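Notes to accompany the following structure.
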Ligand code: CA2
């Protein structure tokens, strides 16, 4: 059995579909999980899908992915713009890392234009709402060994 693709989401994404639908869309995080499971399944992969509001918990999961995953998809949310610790954890990985965002941060406030996570990412998918996750899973599956 091949290793799963880890799909991690950062702070406040548990509110997806509940608040600010004009920016982040109407889909809930559960809807996004279903999209990712279906896309991964069609590609012969399974996913581990998790969300946390806590930086340390995300870092623990990145460290777990180092041993347990074939690839990592991460929407770091606000931590992407602030967390050197998350970047340090991601840099320990030898597997493909796909950064994904629902919105296009480059088209928003200046402080969103850079993420620390991008420094460790194999590639970035942004701006397609829930489909960003699905496309990121597809990219991860294509790159995973
Ligand atoms: O576009 C994305 O996916 C972001 O990672 C979302 C982050 C933001 O800080 C990044 O710049 C871009 C914010 C996540 C907040 O999630 C919410 C979801 C629903 C309602 C309110 C917040």
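Please indicate, with yes or no, whether at least one residue in region 60-72 is within 15 Å of the ligand (Cβ to nearest atom), modelled with pLDDT of 95 or more and assigned to a strand (DSSP E or B).
No.
I'm trying to understand the selection: among the residues of region 1-14, which are out of contact with any strand residue (DSSP E or B) (no Cβ under 7 Å at 6 or more places or on another chain) and closer than 14 Å to residue 129 by Cα?
Those that are out of contact with any strand residue (DSSP E or B) (no Cβ under 7 Å at 6 or more places or on another chain) and closer than 14 Å to residue 129 by Cα: none in region 1-14.
Based on this model, can you work out whether residue 38 counts as closer than 22 Å to residue 131 by Cβ and either near the ligand (Cβ under 8 Å from one of its atoms) or touching a strand residue (DSSP E or B) at 6+ places or on another chain (Cβ under 8 Å) (or both)?
No; evaluated as a whole, the condition is false for this residue.
Before we move on, is residue 77 within 16 Å of the ligand (Cβ to nearest atom) and under 21 Å from residue 119 (Cβ atoms)?
yes
Among the residues of region 81-101, is there at least one that is within 8 Å of the ligand (Cβ to nearest atom), surrounded by fewer than 19 Cβ atoms within 10 Å (Cβ to Cβ) and not in a loop (DSSP other than H, G, I, E, B)? Break it down into steps so the answer makes sense when it comes.
Filtering region 81-101 for residues within 8 Å of the ligand (Cβ to nearest atom) gives 81, 100-101.
Filter again for surrounded by fewer than 19 Cβ atoms within 10 Å (Cβ to Cβ), leaving 81.
With not in a loop (DSSP other than H, G, I, E, B) added as a condition, the list becomes 81.
Checked against the condition, which is being within 8 Å of the ligand (Cβ to nearest atom), surrounded by fewer than 19 Cβ atoms within 10 Å (Cβ to Cβ) and not in a loop (DSSP other than H, G, I, E, B), region 81-101 yields at least one hit.
Going residue by residue through region 41-50, is there one that turns out to be in contact (Cβ under 8 Å) with a residue 60 or more places away in the chain, in contact with a strand residue (DSSP E or B) (Cβ under 7 Å, 6 or more places away or on another chain), under 13 Å from residue 8 (Cα atoms) and more than 14 Å from the ligand (Cβ to nearest atom)?
Within region 41-50 (the criterion being in contact (Cβ under 8 Å) with a residue 60 or more places away in the chain, in contact with a strand residue (DSSP E or B) (Cβ under 7 Å, 6 or more places away or on another chain), under 13 Å from residue 8 (Cα atoms) and more than 14 Å from the ligand (Cβ to nearest atom)), the answer is yes, since at least one residue qualifies.
If I filter region 9-30 for residues that are more than 13 Å from the ligand (Cβ to nearest atom), surrounded by 14 or more Cβ atoms within 10 Å (Cβ to Cβ) and under 22 Å from residue 127 (Cβ atoms), do I get at least one hit?
The answer is no, given that none of the residues of region 9-30 is more than 13 Å from the ligand (Cβ to nearest atom), surrounded by 14 or more Cβ atoms within 10 Å (Cβ to Cβ) and under 22 Å from residue 127 (Cβ atoms).
Looking only at residues in region 102-145 that are modelled with pLDDT under 95 and in a helix (DSSP H, G or I), which one is surrounded by the most Cβ atoms within 10 Å (Cβ to Cβ)?
If we take residues in region 102-145 being modelled with pLDDT under 95 and in a helix (DSSP H, G or I), then 105 is surrounded by the most Cβ atoms within 10 Å (Cβ to Cβ).
The values are calculated or read from the model by the stated rules, or taken from the named source; none is laboratory data. In this text, all values refer to a predicted model and were calculated from it rather than measured experimentally. As a convention, Cβ positions derive from the backbone with ideal geometry for all residues, glycine included, and neighbour counts pool all protein chains shown.
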